[in-house]
Every structure is written in structure tokens, then in C-alpha cells.
Amino acid sequence: MVNLVTQSQCVAWLHRHLDELGEVLNKPMSACAGVIKPVISIKDDSIAIDAFNLMVEKEVVGLAIVDANGRLKGNISMRDLKTIGTDASLFWRLHQSVKNFIAKLRHEYQARHGRPRTIVYVLPSATIKDVIQTLAEHRIHRIYICDTHQDKKPIGVVTLQDLLLEIISN
């Protein structure tokens, strides 16, 4: 193997070359029916291990974290499993609530990177350009589409793969 091209690298490249993509950039997410997938979520008071079991059951790598009112509170993904340690010394974290599990991750992320890990979402009116910029700037692999800034109820999710397929098909 000489090299590996990741989806993240593709989105970073697209972000650097936005001026070359043409009219597809102005397409609102609400018009991208094949790109937006249904949201699979878990309540923030659920146990973290249940979130990972739900990911396996639904064959997804990430879930929206919502409060009792269905408002987006964050994201949990299979990548977060690495925080239990390679020796599983932090396995006990999996028996905490998703809210506490993610709070620890956010604290550790801020300590390592000097910036907080924030909740990232867009509205259905966001364009493909907006989504590319947001994914690239936050270095994330999925973004939730929420109904309004006030309610923040996730109504869809867009992954890097879905976005790349939409751009390629245009």
C-alpha cells in the first residue's frame, strides 16, 4: 500500500476547492432526499453501553443524543469506544449515563485540543456548501439536520459518504 484516501480527506479537499464545484453547492439540504438519512437517537439518561448495543443492532456507527424533549444534545459514535482504554481500564464508563459518558469525553477533548467539542447541526435550508464547510471546519463525520435553532430536534443526518455520493452524482 502506498497511500490511503479517507472520506475526511475528500471533504477537506472539497472545502479547499469549493469554487470548482459549481451550482451543486447551492442545493439546499431539503432538496437532497437521498442524502438525508433517518436519525437514530438515544436519550441522554440511557446507559452508554446501551448506545453501543443500539449501534450494532441498527448497523450504524453513530447516534444522536437527545434529551427527554427530543432536543439534540450531542453525538455518540463507535469511535468513542476507544476512550475505555486499550486495556479496558475505563470499562466502568460504559455503565454511566450517555450524558455523563459524553461529558467526560468533552472535558478530555478540551484538555487535549484546547477547544470544546460542540454540538454541530444545520437547518434544512443549509446548502451543500454550508454542510461541506461545517464538516471540514469541525472535522466531523456526520451532521444532524435539525428542525429549528430553538427546538433543535434532529430530523435527519448526513454522513460524509452520503454527501460525497451526492456531489459525485451531480
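Rule-based calculations on the coordinates, nothing more; no lab input. Please read these numbers as outputs of a predicted model, since none were measured by experiment. Here the Cβ positions follow ideal geometry from the backbone for every residue, glycine too, while neighbour counts run over all protein chains shown.
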Reach of residue 104 by Cα under 12 Å, taken over aspartates and glutamates that are not fewer than 8 positions away in the same chain: 80
Among 55, 78, 29, which one shows the biggest mean-square fluctuation in a GNM of the chain, springs joining Cα atoms closer than 10 Å? 78
Run the count for the range 16-92, please: Lys pairs, Cα-Cα under 23 angstrom, 8 or more apart or on different chains. 9
With DSSP loop assignment and no more than 14 other C-beta atoms within 10 Å, the chymotrypsin sites (Phe, Trp or Tyr not before Pro) in the range 49-157 are none
Mind checking the angle between helix 7-16 and the chain's longest principal axis? C-alpha axes, 0 to 90 degrees, to the nearest 10. 50 degrees
Hey, in the GNM for the chain with a 10 angstrom Cα cutoff, which one of 61, 35, 131 fluctuates hardest? 61
Surrounding net charge for residue 156, when Lys and Arg each add one and Asp and Glu each subtract one, Cβ distance under 12 Å: +1
Relative contact order of the chain (C-alpha contacts under 8 Å, at least 6 apart) in percent is 30 percent
Springs between alpha-carbon pairs under 10 angstrom, Gaussian network model over the chain: which of 134, 83, 159 fluctuates most? 83
